[in-house]
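In what follows, a single structure is set out as structure tokens and then discussed.
The values are calculated or read from the model by the stated rules, or taken from the named source; none is laboratory data. Note that this is a predicted model, so its numbers are computed, not measured. With ideal geometry, Cβ positions are generated from the backbone for all residues, glycine too; neighbour counts draw on all protein chains shown. Areas reflect the complete protein model, heavy atoms only, side chains present, ligands, DNA and RNA absent. Shrake-Rupley method; radii C 1.70, N 1.55, O 1.52, S 1.80 Å.
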Amino acid sequence: ELVTRSRGSGRDGSRLLDWPTAKKIPWGVLLLFGGGIAIAKAFDVSGLSTSIGELVGTLRDWPALAVIAVLCLAVTFFSEFTSNTATSNILMPILAAAAKAGGMNPAMLMFPATLSNSLSFMLPVGTPPNAIAFGTGKVRMREMVRVGFVLNLIGVAIVVLVCWKLL
């Protein structure tokens, strides 16, 4: 729609986007996603990703069910603040390395984390459907957080049970 409503391709000096069209773009949602990607980059640059990997490595002495449950909770709530893609880019290499260092099969950590990464129901930045729902203006943040928190806990319980049975 933006392309058809703009005044040209921009190659000839014409505008790519006019103001009436730009006003209709949900800029707040775009900024939320950009913020999530920026947080992911900050985790990497600051060394926080490495610290998380070391922490996960210490969990090798815990029972497998407890490791899966803690991991699912952590990833679910972490992905509320970053995009799913950014969360995967941060966590998958960390979890694979931590699992290998702990003598575990990487799937034991990566599979539950991957499933939990899609359980963000509380905040608009968590998933594109959340952002779309919030962007309509018909869903209030307080309502998203209240209902999303319960859905997150239910989702974590299901993922933990499925992973416990499969892995």
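For the stretch 43-62, taking the residues that are among the aliphatic types (A, V, I, L, M) and either within 20 Å of P124 (Cα to Cα) or open to solvent by 50 Å² or more (accessible area, probe 1.4 Å) (or both), the one that is modelled with the highest pLDDT is identified as V45.
So which residues in the stretch 63-87 are of a type in the set (G, A, S) and either more than 13 Å from the chain's Cα centre (by Cα) or open to solvent by less than 40 Å² (accessible area, probe 1.4 Å) (or both)? Talk me through it step by step, then tell me what you get.
Step one: filter the stretch 63-87 for residues of a type in the set (G, A, S), giving 64, 66, 69, 74, 79, 83, 86.
Passing the criteria: A64, A66, A69, S79, S83, A86.
Checked against (1) open to solvent by less than 20 Å² (accessible area, probe 1.4 Å); (2) part of a helix (DSSP H, G or I), V145 meets all criteria but (1). Are there any pairs with C-beta distances below 6 angstrom linking a residue in the stretch 142-167 that is in contact (Cβ under 8 Å) with a residue 40 or more places away in the chain and within 22 Å of L65 (Cα to Cα) to a residue that is open to solvent by 20 Å² or more (accessible area, probe 1.4 Å) and not in a helix (DSSP H, G or I), with the two at least 6 apart or on different chains, and if so which? Within 6 Å, the pairs are N152/L119; N152/F121; G155/L119. Pairs are defined by a Cβ separation below 8 Å, a sequence spacing of at least 6 or placement on different chains, a first member in the stretch 81-108 that is under 16 Å from I68 (Cβ atoms), and a second member that is open to solvent by 60 Å² or more (accessible area, probe 1.4 Å) and of a type in the set (A, V, I, L, M); the pairs so defined are N105/L167; A107/L167; M108/L167.
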